[in-house]
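Visitor: Sharing a structure, written as structure tokens. Questions coming.
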Amino acid sequence: MKAPDARKIKKELTIHGDTRIDNYYWMKDREDPEVLAYLKAENEYTKHILKETESLQKTIYEEIVGRIKQTDMSVPYFLNGYYYYSRYDEGYEYPIYCRKKGSLDGEEEIMLNVNEMAKGHEFYSISGLNVSPDNSLISFGVDTVSRRLYTIHIKNLIT
């Protein structure tokens, strides 16, 4: 099988008086059928070339996963009357953002369960969590397309 060959289209990009050439700028359009066809060909080629290593890949993957602590928690930090932390539960991919009022022995309040929020999405990322000074609101960005395009959300933590 022959490796796919991406065509080159010269594109000059100038910023701050510096010009550079990007021959693959055309590939930034993720909806372009030619880009999608090229990526599909690359994936097929990669799968073909690495076919003989599938067993080794599986072994390495299982070893890596076996060394990851499945249930984990960040170090709590105290801010404005609450201890904040995130935790991961075994079998789940995303964090759960929590807080406890006044003491680490207090009742856990789940602010965001990203595992629930991510249902129905192929990709889900949360960034920029910020709790309001009166502890009643949390703002955060959500990216569901893996392009660092965030939609800002605000959640009322009281209601």
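Visitor: Computed from the mean reciprocal separation of all distinct C-alpha pairs, what Kirkwood hydrodynamic radius does the chain have, in Å? Could you put the intermediate results ahead of the total?
Guide: Details: mean 1/r = 0.0493 Å⁻¹.
When all Cα pairs of the chain are included, the Kirkwood radius is 20.3 Å.
Visitor: Tilt of helix 33-49 relative to the longest C-alpha principal axis of the chain, in degrees (0 to 90, nearest 10)?
Guide: Approximately 90 degrees, to the nearest ten.
Visitor: Taking N as the number of residues in the stretch 83-159, what is its alpha-carbon radius of gyration divided by 2.2 N^0.38 Å? If you can, show how the numbers build up before the last one.
Guide: On the way: Rg = 13.1 Å, N = 77, 2.2 N^0.38 = 11.5 Å.
Taking N as the residue count of the stretch 83-159, the ratio is 1.14.
Visitor: At 25 °C and 0.890 mPa s, what whole-number value in µm²/s does Stokes-Einstein give for the translational diffusion of the stretch 1-94, with Rh from the Kirkwood sum over Cα pairs?
Guide: Working: Rh = 18.7 Å.
Calculated translational D: 131 µm²/s.
Visitor: Continuing with this model, one more query. Are there chymotrypsin sites (Phe, Trp or Tyr not before Pro) in the stretch 70-159 that DSSP puts in a loop and that have at most 11 other Cβ atoms within 10 Å, and which ones? If you can, show how the numbers build up before the last one.
Guide: Values: sites: 77, 78, 82, 83, 84, 85, 88, 92, 97, 123, 124, 140, 150; in loops: 92, 123, 124, 150.
Here the sparse-neighbourhood loop sites are 123.
Visitor: Any number yet on Rg/Rh for the stretch 104-146, C-alpha, Kirkwood? Kindly include the intermediate steps, with their values, before the conclusion.
Guide: On the way: Rg = 12.7 Å, Rh = 12.1 Å.
That ratio is 1.05, to two decimals.
Visitor: Right, another one. Can you sort 16, 153 by 1.4 Å-probe accessible area, starting with the largest? Display every interim value, and only then the final one.
Guide: On the way: 16 180, 153 75 Å².
Per-residue accessible area, sorted high to low, gives 16, 153.
Visitor: How do 24-34, 49-59 rank on mean C-beta neighbours within 10 Å, highest first? Write down the numbers at each step before the final one.
Guide: Numbers: 24-34: 11.7, 49-59: 9.8.
Peptide ranking by packing, descending: 24-34, 49-59.
Visitor: What trypsin sites (Lys or Arg not before Pro) in the stretch 89-159 are in a loop by DSSP, with at most 15 other Cβ atoms within 10 Å of the Cβ?
Guide: Values: sites: 99, 100, 101, 119, 147, 148, 155; in loops: 119, 147, 148.
Sites meeting the loop and neighbour criteria: 119, 147, 148.
Visitor: Okay, next question. How far is helix 54-67 tilted off the main Cα axis of the chain, in degrees rounded to 10, range 0 to 90?
Guide: Helix 54-67 sits at roughly 20 degrees to that axis.
Visitor: Helix-only mean residue ellipticity at 222 nm, the chain, DSSP H runs n ≥ 4 weighted -39,500 (n - 2.57), per residue, nearest 500. What is it?
Guide: Mean residue ellipticity, 222 nm, calculated: -7000 deg cm²/dmol.
Visitor: Rank these by accessible area, largest first, 1.4 Å probe: 157, 149, 104.
Guide: Details: 157 25, 149 105, 104 80 Å².
Output order, biggest surface exposure first: 149, 104, 157.
Visitor: With an 8 Å cut-off on Cα pairs and a minimum separation of 6 or more residues, tell me the relative contact order of the chain in percent.
Guide: Working: 208 pairs, mean separation 15.5, N = 159.
RCO, the chain: 10 percent.
The values are calculated or read from the model by the stated rules, or taken from the named source; none is laboratory data. Computed from a predicted model, the values in this text were never measured in an experiment. A quick note on method: Cβ atoms are made from the backbone with ideal geometry, for glycine too, and the neighbour counts reach across all protein chains shown. These accessible areas exclude ligands, DNA and RNA; they are computed on the full protein's heavy atoms, side chains included. Shrake-Rupley method; radii C 1.70, N 1.55, O 1.52, S 1.80 Å.
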